[in-house]
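Each value in this text was obtained by applying a stated rule to the coordinates, not by laboratory testing. If you're wondering where the values come from, they're calculated on a predicted model, not measured in any experiment. Cβ placement follows ideal geometry from the backbone for every residue including glycine, while neighbour counts extend to all protein chains displayed.
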């Protein structure tokens, strides 16, 4: 009698390279004219950052992709996605929002609309 053995090829699965998602450190300042937001996003290129303001919600995201040369002997940081969201007042003038990226920090200027700015009320004598 002959024995028949089926040899099943074991499928090697390489785990998908998942990207870590972290919240960037943020400082927020407010003055009479605007809200200033500084988000720490080291290594993120300008074209890889998205800023979205919709219905009182501000969403920031950016992806840092590192290019490596050679074989990896030790790796403690790599690709990462920065993501954070905030509630913002409806009084923000969305058409005048300004963003700048400098030295790994995103500077976001959120100007207040004229109606939201504080004003002094003059009192008149009767």
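A few points about this structure:
- Each residue in the range 92-115 was checked for being within 16 Å of residue 29 (Cβ to Cβ) and touching a residue at least 24 places away in the same chain (Cβ under 8 Å), and 11 pass.
- Contacts under 7 angstrom Cβ, first residue in the range 19-48 being at negative phi and in contact (Cβ under 8 Å) with a residue 40 or more places away in the chain, partner surrounded by fewer than 15 Cβ atoms within 10 Å (Cβ to Cβ) and assigned to a loop (DSSP other than H, G, I, E, B), 6 or more apart: 19/79; 32/117; 32/118; 33/117; 40/25; 40/104; 41/104; 42/104
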